[in-house]
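Undergrad: Submitted below is the structure of interest, expressed as structure tokens.
The values are calculated or read from the model by the stated rules, or taken from the named source; none is laboratory data. Owing to the predicted nature of the structure, the values given are computational and were not obtained by experimental measurement. Backbone-built Cβ (ideal geometry, glycine too); neighbour counts: all protein chains shown.
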Amino acid sequence: MRKVLFVSSAVALLVAFTGSAAQADILDGLVAHWKLDETAAGPVVNEVGTNGTNNGATIGQPGEDLGGAALGGYAYLFDRSASDYVDTNLNNVIPATGDFSLFAWINTTSHTGVGTDYAGYIFSNYTATLNGRSAMQVGNGNFGFFINSNVLSTTAPNVSDGEWHHVGVTRESGAFNLWVDGTPTAVSLSGSISTGTNNWRIGGPQGAPGSGQTRFFNGLIDDVRVYDRALTASDVAKLAPEPSSFLLLALGLLVGLSRRRRRS
């Protein structure tokens, strides 16, 4: 029994330590961070700035499993049919032309086809008439980002499969990369992102684009982050560590502790 408790405690301490270390190491340039860990009504906490306002999303839902060990384990559930969204109360968190990174965890089985199911906005300042309107989205089952009418989506993998996916976009010196589960895809995208006009929203647009396409997100969103720099591959890996890395570290720690106990 003591051995079981010892092993469990060691693993728990390791996960907490590695999670905290990874988080502490990825704070450089962080300008907004909504963990979406709330379990009681109130503001949507931004860890580094102005809090957001929840408009209908269901709080306290199970979050991304691995990220939950470090991030708190909860997420927001967005219902497209109810037009749920979170208003960040920020309109300039992403620069018009400068470097930035935008990342989030998502889990959905929607946004796989056309019409009302075509696209769901994860993070957006969209209105149909806004010059520089932009959104990070899932459309036709694929992840993408757009500025005005320039839509770019990855072709693989399908992210509308009911599994958690870590998705993001980075811009460095004008060059864009789309990220899905730690893998970047370079894309050609131009245009200036609107800033200082519409607030950015998590889970939906400012106004419907018509043709029955509400474009509100349908599913879970967790841990939304914005940086004023382009994250590197090693940075992104810290936001979404592989489970195997935790297990290898845990085994190493357990072997070391076991040897120390035998010597004593």
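Undergrad: Which of the residues that make up region 180-198 are in a loop (DSSP other than H, G, I, E, B) and under 21 Å from THR112 (Cβ atoms)? Don't jump to the end; show me each part of the working.
TA: We begin by selecting, within region 180-198, every residue in a loop (DSSP other than H, G, I, E, B); these are 181-182, 188-198.
Passing the criteria: only ASP181.
Undergrad: Could you list, in sequence order, the residues of region 127-147 that are modelled with pLDDT under 90 and under 21 Å from GLY196 (Cα atoms)?
TA: THR127, ALA128, THR129, LEU130, ASN131, GLY132
Undergrad: Counting just the residues of region 124-179 that are without any contact (Cβ under 8 Å) to a residue 40 or more places away in the chain, among the β-branched types (Val, Ile, Thr) and in a loop (DSSP other than H, G, I, E, B), which one comes out surrounded by the fewest Cβ atoms within 10 Å (Cβ to Cβ)?
TA: Once the filter is applied, the top-ranked residue is THR129.
Undergrad: If you don't mind, another one. Provide a single number: the residues in region 183-202 that are surrounded by 15 or more Cβ atoms within 10 Å (Cβ to Cβ) and small (Gly, Ala, Ser). Steps first, answer last, please.
TA: Kept after step one, since they are surrounded by 15 or more Cβ atoms within 10 Å (Cβ to Cβ), are these residues of region 183-202: 184-185, 187, 189, 191, 193-195, 198-202.
From what's left, small (Gly, Ala, Ser): 191, 194.
Residues that pass the stated criteria total 2.
Undergrad: Which one of these does LEU231 not meet: (1) assigned to a loop (DSSP other than H, G, I, E, B); (2) touching a Pro at 6+ places or on another chain (Cβ under 9 Å); (3) farther than 22 Å from LEU130 by Cβ?
TA: Result: LEU231 passes all but (2).
Undergrad: Moving to a separate point now. For region 107-123, give me each residue that is modelled with pLDDT of 85 or more and buried (at least 16 other Cβ atoms within 10 Å of the Cβ). Before you say what the answer is, go through the steps one by one.
TA: Start the filter on region 107-123 by keeping residues that are modelled with pLDDT of 85 or more, which leaves 107-112, 119-123.
Hits for region 107-123 are ASN107, THR108, SER110, HIS111, THR112, ALA119, GLY120, TYR121, ILE122, PHE123.
Undergrad: I need a count of the residues in region 73-104 that are touching a Phe, Trp or Tyr at 6+ places or on another chain (Cβ under 6 Å) and either free of Cβ contacts under 8 Å to residues at least 24 places away in the same chain or not aliphatic (A, V, I, L, M) (or both).
TA: 6
Undergrad: Mind checking which residues of region 148-181 are β-branched (Val, Ile, Thr) and closer than 21 Å to THR195 by Cα? Talk me through it step by step, then tell me what you get.
TA: Residues of region 148-181 that are β-branched (Val, Ile, Thr), as a first pass: 151, 154-155, 159, 167, 169-170, 180.
Across region 148-181, the qualifying residues are VAL151, VAL169, THR170.
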